[in-house]
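S.K.: Take this structure first; my questions come after.
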Amino acid sequence: MTKFTLYAAAGAIAAALFAAPASAGDFPPGQVEYIIPFGPGGESDITARLQQPYFEKLYGEQMIVSYKPGGGGAVGWSQLNGMAADGSVIMGVNLPHTIIKPLQGNVGFETDDIVNAYIFHYTPDAIVVRADSPYQSLDDLIAAAKESPRKITFSGSGKGTANHLVSVRFDELAGIETTYVSFKGTGAAVTAMLGGQVSAEWGYTTVGGGQGDKVRMLAVAMEERHPAFPDVPTFRELGYDIVSGAYRGVAVPKDTPEETRQAVSDAIAAINADPEFRQKMIDGGFALIDVPYGPEMDAWMKARAEEYIPAARAAGVID
Amino acid sequence: MLDFFLAALTPLNLLLALAGVAAGTIIGSVPGLTATMAVAVLVPLTFGMPPESALILLGAIYTGAIYGGAYAAILLNTPGTPSAIGTTFDGYPMAKRGDGDLAVTIACLSSLVGGIVGACALLLLAPPLAEAALAFGPVEYFWLAIFGLSLIAALSTRDFLKGLIGAAFGILIAMVGISETSAEVRFTFGSNTLLGGIETVSALIGLYCVPVLIELAATSGRHLKEDTGGTRGFRLPEAFSTLMRHKLNVIRSSVIGTLVGALPGAGGSIAGLVAYSEARRTDRRAPAYGQGNPGGIVATESANNATVGGGFIPTLVLGIPGTPPDAVILGALLVQGVRTGPTLFADGSSIVYTFIFGLFLATLLMLPVGLLIGRFAYRSIVRAPKAGLVPVVAFMTIIGSFAIRNSLSDVGIMLALGVVGWVANRRGFSVSPIVLGLILGRIAEEGFVQSWTIGDAMGNVWGQFFGRPLSLVIIALTLLSFVYPFLPALTRALRRRGTALPAPSDKREPADPAAILRDLAGIGVMAAIAGVALWQCAGLNPEAAVFPRTIATGMLVLCGLAALETLLTRRVVEDRSYGSTGRRAGVVLSMAAGIALAPVLGFATAGIAMALGLMLSSEHNNRSLRGWGLLALSVAAVITVFTIGFREALSVPLPGGLIF
């Protein structure tokens, strides 16, 4: 009898405990699905995987990574607003994709349709050459490009992407003409550079992180030097005002209540603040940033659009 | 070295390898659940493990999934994973004539050899092979894709022109959606559904599996011939002696698989196709390849399992994934904090060697595991009554094509392409060239546009395409491969000193006017598709338009030639098998209804409703009420188990709808 009451009491307490987080507005409402609108293995996937264990540590709930590739992210983003708006679904977002794609034609979503909850990192653009390349510095490369216009070839990941836009912008600032060759993803662009199929690569700092001393980075498009590559100068130091890269974050469906949007933002912020997580990201060549939900996000998005759209126009990816 | 070997052999690692191989084999055998998915789904499981064990588990799953793809290829004519495309060519004909068990065992032995060769290369030759793979540039990838396309000649012996037209059609399908290299939206006709392009694996399932289901229902014959001598066990001795007869083939294909696997981004499907092409070219044994020659299975299965070890070469040495599943594993490694790169090998880091020995272990475990599961798969499919087989397989195609990117529109496209494939087949356009075009078209386009851009910048486009030694080797092989099917006719012509055209080998009666009209109509539809593509190209930027425009123009010319051939020779290649049209329509309509109802009723309930329609369409015998009840119950049970498995074990968000 006493045993029974004990069990009953324990059961009631447990029920109350479990029921409490399920009340309105709390995050997470249970396990959270984190949809990556690309295939597995890319940088969006890797960073989501890095976040996964920390989310579980914070909330004791699983964060399940799933994929919805297609159309360079468009398939996922065009379906985002039809998904559960209770915080149980979050989706990766990538810039400049979400700004440029809708301007290229009907891709099923507009930039403003996407509610960005948090932008948590970026992969800064960088010029990477093979370790045995004749170009020791950015000046060498620029001199070579001036000598033979168009003949210096750069591999890069995709058209209308951060790599492509920065290549156009840099050519303009340096007064040179080079050839950008679009590859499918960073992996293919790195392969082409390592194999000597192209003279250099417009890649990301992650390439330096992954390839070690097989490659040399000539400059990175950051405000300050990357902590993992203290010897590599920034473009600004060399006289070219470029800070750019591919930014990544998470978004929620537009029907998500205000407090849940904020809660998602806080969750990603908390993961971003974990020193162990930060170190793993930096080791991989990523650069962390913190743009939370709210007016700060709106201003930040506006600034990015002002930067990307003219570059895309100059690159001929949009009219 | 020995201590690494022992480290791989801890009881935990042994258990993980065994579980991984078994899970991988089962997942790989379901059409639509690819090796990439199998690995991606199970990655989170490995986060808590030490890196060695995590790698062993993932490698074992990968190995098993690549092999498991062979079951569906052999028994259902549907590659379970894209790497097994070539296995359907000879595997299904073998199964049809009653040798399905032998085919499955041959696939298991070949996969074992391929896996061992790939793992040996990884152990002994990884750093130099990774360097060598880098010599492969965009031009070489372009020519490699063309080399794969040269298989059209082999796969369309009935009608070469129609094979070429089909391949062009496949390439055009591959161009739908946002182009990766030019970021242009192409051939979507304003539809958001088509924006993401035609998902390759869903398309494969539709093109290969739906026609099989339609024909299964239409006729009363058995799906596969039953084994005659009762149970013949695994037919191991027979399979072993087949492998011995094909020893050159198995070694060559394993080497091809290792090398192609080591090329970043090429993957198992291309490795299998290249090995198949080479096996066919060098082997003149009867029956012909494509008609049930075990050599075809030996080639693809050894090659695709060799890509496992081969693909890890650039993954571990360069940090660049060799195949799609490697991309997932690379991500898992980064999360574990393992830095890939040359130093990983140079430092003699224990993790690499423990992993490689784990891969050997997994490959060896594949023999018992694979044989047992294969035997089970074979028996269930041979013995299942048609009215049970059709709905279960149909449900698998639907759930499999959904799971790839959790999209019901992909399932719709799968069914639509299945009907297209069925009609095309009847009109003499085989499905395999279409699939080759679909898979290789994107690789060919990327390589073409990149080579063009680089060549143009250098002011030497011709030199870029034809001036590189490696390219020349691939071009030579391609020419050989294209010419080979016509060699008998050519030698005959040469012997007669080219005085007369060779006599057609099969002297068929001229077709009646109705058949000729049907044929012309089929060719006309293809020509119209090419015309629409050309018209659509007008609005695209040059980079996005150049490849599809070239293909569509060629397709129009080929259609003209094919029409001319039909009119001149008055001979028609078409299939006019007889069976019930109503039952055929029943299959398609039931599946369409099942797909439409899934978001309303829930996945499992809609699946069961669909299954009832399919049972009625495909049952040819009289069955008692009790028999119907039992059958319906077991089909419903299988569907429910699949749904729960996908939802819970694989975390696929299947629509729940009203009921389940």
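All of the numbers you see were taken from the coordinates with simple rules; none came from a lab. If you're wondering where the values come from, they're calculated on a predicted model, not measured in any experiment. Here the Cβ is made from the backbone with ideal geometry for all residues, glycine too, and neighbour counts use every protein chain on show.
S.K.: Quote the convex hull volume per residue of region B:185-254, based on C-alpha atoms, as a whole number of Å³.
M.R.: 196
S.K.: Next question. Enter the mean number of other protein chain beta carbons within 10 Å of the beta carbon of each residue in B:440-449, as an integer.
M.R.: 1
S.K.: Which of the aspartates and glutamates could a cross-linker span from A:Lys146 if the Cα-Cα distance has to be under 16 Å and same-chain partners fewer than 8 positions apart are dropped?
M.R.: Those aspartates and glutamates meeting the cut-off are A:Asp171, A:Glu172, A:Glu177.
S.K.: Moving on to the next point. Find, among the trypsin sites (Lys or Arg not before Pro) in region A:266-319, those assigned to loop by DSSP (not H, G, I, E, B) with at most 13 other beta-carbon atoms within 10 angstrom.
M.R.: none
S.K.: Please state the shape class of region B:484-636: rounded when a/c is under 1.5, otherwise prolate if a/b exceeds b/c and oblate if not, all from the C-alpha gyration tensor.
M.R.: Oblate.
S.K.: Do any chymotrypsin sites (Phe, Trp or Tyr not before Pro) in region B:367-470 lie in a loop, going by DSSP, with at most 12 other beta-carbon atoms within 10 Å of their beta carbon, and if so which?
M.R.: Answer in residue order: no site qualifies.
S.K.: Taking 28 Å as the cut-off for C-alpha to C-alpha distance, list the pairs among A:Lys57/A:Lys280; B:Lys162/B:Lys247; A:Lys184/A:Lys254; A:Lys151/A:Lys214 that go past it.
M.R.: Exceeds cut-off: B:Lys162/B:Lys247; A:Lys184/A:Lys254.
S.K.: Same structure, new question: Considering every residue in A:97-109, what mean count of other chain Cβ atoms within 10 Å of its Cβ is obtained?
M.R.: Shielding by partners across A:97-109 averages 3.
S.K.: Express the relative contact order of chain A as a whole percentage, based on alpha carbon pairs under 8 Å and six or more residues apart in sequence.
M.R.: Relative contact order comes out at 24 percent.
S.K.: On to the next question. Once you have a ≥ b ≥ c as the square roots of the Cα gyration tensor eigenvalues for chain B, tell me rounded if a/c is under 1.5, and otherwise prolate or oblate according to whether a/b is larger than b/c.
M.R.: The shape class here is rounded.
S.K.: Another question, then. Pull out a ≥ b ≥ c, the square roots of the eigenvalues of the alpha-carbon gyration tensor of region B:327-416, then state rounded if a/c is under 1.5, prolate if not and a/b is larger than b/c, and oblate in the remaining case.
M.R.: oblate
S.K.: Still on this structure, please answer the following. Obtain the radius of gyration and the Kirkwood radius of the protein assembly as shown from its C-alpha atoms and give Rg over Rh.
M.R.: 0.96
S.K.: Can you work out the PRE-style zone for B:Thr282? Point 7 Å along Cα to Cβ, and I want the residues of region B:244-258 with backbone N under 11 Å.
M.R.: What the label zone holds, given the 11 Å backbone N cut-off, is B:247-256.
S.K.: Sticking with this structure for a sec: Please list, by residue number, every one of the trypsin sites (Lys or Arg not before Pro) in region B:276-306 that is coil in DSSP and has at most 12 other beta-carbon atoms within 10 Å.
M.R.: B:Arg284, B:Arg285
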